[in-house]
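The values are calculated or read from the model by the stated rules, or taken from the named source; none is laboratory data. Just so you know, these numbers come straight off a predicted model, no measurement behind them. Note: ideal-geometry Cβ built from the backbone for every residue, glycine included; neighbour counts use all protein chains shown.
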Amino acid sequence: MNLGLGLRFCSAATEFALTDIIPAMTLVEITFELQSPLTAKQLADLAEFANTYGLRRFRHDEAHNLITFEYDASRLRQSQVVHALAGANIAVKRIVPQSGAEIIPA
């Protein structure tokens, strides 16, 4: 059985569920409104943060001055994402609420 992870199991006796070896993730998406547009250096610093365990991806909406992170909440906390932004000298104006949610100051 090929699990697509560079692992191949040939015998039925050695087959097992992928969920037995990879714990479930709790994916969370959070969007921040930025105080100012990102510089090339800040984007590069964020790319470095993208290598952090638990961060799946980030999207930058330059037109609306927003940045959205998708991360594994079982490995990262919101405060760690905010800390990474601060470490890249990125000032956050607020957390943008999901539709129907209240506005949360950062």
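Points worth noting:
- Among the residues of region 1-42, those that are at pLDDT 85 or above and not in a loop (DSSP other than H, G, I, E, B) comprise LEU27, VAL28, GLU29, ILE30, THR31, PHE32, GLU33, LEU34, ALA40, LYS41, GLN42.
- Within region 62-92, being over 18 Å from GLU29 (Cβ atoms) and touching a strand residue (DSSP E or B) at 6+ places or on another chain (Cβ under 9 Å) holds for ALA86, ALA91.
- ARG57 passes every criterion in (1) touching a Pro at 6+ places or on another chain (Cβ under 8 Å); (2) under 24 Å from THR26 (Cα atoms); (3) of a type outside the set (Ser, Thr, Tyr) apart from (1).
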